[in-house]
Amino acid sequence: MADRISLSGRAQCTPEVLWHVLVDNRASWWPDMEFAAHPGAPLKERWSEDGVEHTATGTVLAVAPGRLLSFRWTAPEWGAHTVVSFELTDEIDATGIAVTESGFAALDAGAGAALSAAHREGWAFHLANLIEQAEKADQAQQSGGS
């Protein structure tokens, strides 16, 4: 089992717009997650799966506006924490974004493999939503909307 999963994409917007959506307009792409974008801030995600309520909690580790957001989080059933990082790169006509989550090897083999697979699917979903919302925000900004 790999300890790390990584996904990446490109948003047709500036790093500033993507950052704003990532941290300030988070409800538009990840409504279940709550945190403030500063190191040491608590983080909480609540979701329901098959009628069962779940909660993951953690702490924001690093914030470099327009470039990096990382946090550590766990849920009671995980048995250990993982670390998630969003890294933004300014490209010529877009903003690259990479999402990496590591720490799966600290979980027992069965739980770690299952969580890694579930999170890979979840990050693909969240990353697509983030890019879509950032591009909509960029279009609205360019057309003079909010």
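The values are calculated or read from the model by the stated rules, or taken from the named source; none is laboratory data. Fair warning: this is a prediction, and the values are worked out from it, not measured in the lab. No Cβ is skipped: glycine too gets one built from the backbone with ideal geometry, and neighbour counts run over all protein chains shown. Heavy atoms of the whole protein, side chains included, go into the accessibility calculation; ligands, DNA and RNA do not. Shrake-Rupley method; radii C 1.70, N 1.55, O 1.52, S 1.80 Å.
The rows are residues; the columns are (1) over 19 Å from ALA75 (Cα atoms); (2) at pLDDT 95 or above; (3) touching a strand residue (DSSP E or B) at 6+ places or on another chain (Cβ under 6 Å).
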{"position": "ASP3", "(1), (2), (3)": "no, no, yes"}
{"position": "SER6", "(1), (2), (3)": "yes, yes, yes"}
{"position": "ARG10", "(1), (2), (3)": "yes, yes, yes"}
{"position": "HIS20", "(1), (2), (3)": "yes, yes, no"}
{"position": "GLY40", "(1), (2), (3)": "no, yes, no"}
{"position": "LYS44", "(1), (2), (3)": "no, yes, yes"}
{"position": "GLU49", "(1), (2), (3)": "no, no, no"}
{"position": "VAL52", "(1), (2), (3)": "no, no, no"}
Over segment 1-59, the set of residues surrounded by 15 or more Cβ atoms within 10 Å (Cβ to Cβ), of a type in the set (Phe, Trp, Tyr) and touching a His at 6+ places or on another chain (Cβ under 8 Å) is TRP29, TRP30
Residue check: is GLY112 out of contact with any Lys or Arg (no Cβ under 9 Å at 6 or more places or on another chain) and in a helix (DSSP H, G or I)? yes
By my count, strands (runs of 3 or more DSSP E) wholly in segment 1-109 with at least 2 residues that are within 17 Å of ALA134 (Cβ to Cβ) are 4-11, 68-74, 82-90, 95-102
Inside segment 60-82, the number of residues satisfying the requirement of being in contact with a Phe, Trp or Tyr (Cβ under 9 Å, 6 or more places away or on another chain), free of Cβ contacts under 8 Å to residues at least 24 places away in the same chain and open to solvent by 40 Å² or more (accessible area, probe 1.4 Å) is 2
By residue number, the members of segment 88-98 that are within 15 Å of LEU7 (Cβ to Cβ), open to solvent by 20 Å² or more (accessible area, probe 1.4 Å) and either in contact with a Ser or Thr (Cβ under 6 Å, 6 or more places away or on another chain) or among the aliphatic types (A, V, I, L, M) (or both) are ALA98
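Has segment 99-114 got any residue that is under 14 Å from PRO15 (Cα atoms), open to solvent by less than 20 Å² (accessible area, probe 1.4 Å) and touching a Leu at 6+ places or on another chain (Cβ under 6 Å)?
No, segment 99-114 contains no residue that is under 14 Å from PRO15 (Cα atoms), open to solvent by less than 20 Å² (accessible area, probe 1.4 Å) and touching a Leu at 6+ places or on another chain (Cβ under 6 Å).
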Checked against (1) in a helix (DSSP H, G or I); (2) free of Cβ contacts under 8 Å to residues at least 24 places away in the same chain, TRP123 satisfies every condition except (2)
Residues in segment 79-124 that are over 28 Å from TRP19 (Cβ atoms) and over 16 Å from the mean Cα position of the chain (by Cα) total 12
